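This report concerns only the one structure given below.
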Amino acid sequence: MSRGRFIVFEGLDGSGKGTQIELLVSEMKKQGRTVFQTAEPTASSTGGMIRDALSGLVKRDAYELSALFLADRIFHNVNPSGIRHYLDEGIDVVCDRYYYSSFAYQGSEADPDWVMDMNLGCREITRPDLCFFLDVDIDSCDERISRGRLSREIYENKEAQTRIRKKFFDVFEKLGDRENIRIINAARDIPEVAAEILKIYEEIKEK
Ligand code: TYD
């Protein structure tokens, strides 16, 4: 039995990840694949602490928050119904956000090298086979956030999003071809974006 494929979606808040994930996962299932669809932060108790920090209910230092995301990610990999289990069973995993978000979000406040070393150097944290970065301009993301929510999380303002978008690109450049990152222009129509994503998925599926 071959190992499952591990695919991650990244993008700013309001970049349309949710829609594209649903479309890819339903296409994969139509092709007869079994898919474990998941997201970070997880529903673990650490995930709960993270959500309280994101909502602004509890104030956390950027290093503290980086460490919480790290602990949550390790749990996400090693727990008996986690990422590693499914990949080992030959099941594909599609995850909404992963360590690239830590590099961009926490890495713009805490030391980015430290955040990267902790994640990339941890043997329990599985490296994705493919990461889609859905790139949309800040104004469109901001409009989508406003439409969808009553309140905003700590990073959901234009200033932070501008800083984080730049950080994502710095990080991708730094990672170079150590990671398989595909930057997708997600400002186009939903079906057009979905078709490009599917084409790239088809390529890696065969490998
Ligand atoms: P959430 O509302 O759960 O989902 P999304 O915006 O992806 O639909 O928000 C998750 C937030 O957590 C988002 O603002 C990005 C942030 N985040 C980090 O700051 N670091 C991380 O490592 C991860 C995984 C997420």
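The values are calculated or read from the model by the stated rules, or taken from the named source; none is laboratory data. Worth saying up front: this structure is predicted, and the values here are computed from it rather than measured. Glycine gets a Cβ as well: all are built from the backbone with ideal geometry, and neighbour counts include every protein chain shown. Remember, those area values only see protein heavy atoms, side chains included, never the ligands or the DNA or RNA. Shrake-Rupley method; radii C 1.70, N 1.55, O 1.52, S 1.80 Å.
Kyte-Doolittle cut-off 0.5, length cut-off 18 Å along the helix's own axis using Cα: show which whole DSSP H helices in the chain pass.
On the way: long enough: 17-30 (20 Å, -0.42); 62-78 (24 Å, 0.64); 158-175 (25 Å, -0.92); 190-206 (25 Å, 0.08).
Span-like helices in the chain: 62-78.
Straightening the chain between residue 33 and residue 113 buys 25.1 nm, computed as 0.36 nm per residue apart minus the Cα-Cα spacing.
Per residue, how big is the convex hull around the C-alpha atoms of the stretch 50-125? Give it to me in cubic angstrom, could you?
Working: hull volume 6.8 nm³, N = 76.
Value for the stretch 50-125: 90 Å³ per residue.
Each of residue 60 and residue 89 was given a label point 7 Å from its Cα along the Cα-to-Cβ line. The distance between the two points is 2.8 nm. Ranked by the mean number of other Cβ atoms within 10 Å of their residues, highest first, the peptides 197-207, 37-47, 124-134 fall in the order 124-134, 37-47, 197-207. If you plug the beta carbon distance of residue 207 and residue 19 into 1/(1 + (r/R0)^6) with R0 = 22 Å, you get a FRET efficiency near 0.25. Annotated for the stretch 6-205: lysine pairs at least 8 residues apart or interchain, Cα distance under 23 Å, count 16. Taking the three principal axes of the alpha carbon atoms in the stretch 6-205, the coordinate ranges are 45, 38, 33 Å, sorted in descending order. Surface exposure of the chain, expressed per residue as accessible area with a 1.4 Å probe, stands at 49 Å².
Full-extension gain between residue 123 and residue 195, please, as 0.36 nm times their residue separation minus the C-alpha to C-alpha distance.
Details: separation 72, 0.36 × 72 = 25.92 nm, distance 3.39 nm.
Extra length from residue 123 to residue 195 when fully extended: 22.5 nm.
How big is the shadow of the Cα convex hull of the stretch 1-53, averaged over all directions, in nm²? Mind dumping the intermediate values first?
Details: hull surface 20.1 nm².
Here the figure is 5.0 nm², rounded to one decimal.
Once both labels are positioned 7 Å from their Cα atoms along Cα-to-Cβ, the gap between residue 43 and residue 75 label points is 1.3 nm. For the chain, with all protein chains in place and a probe radius of 1.4 Å, 50% of the accessible heavy-atom surface sits on carbon or sulfur. The alpha carbon centroids of the stretch 32-106 and the stretch 107-133 are separated by 12 Å.
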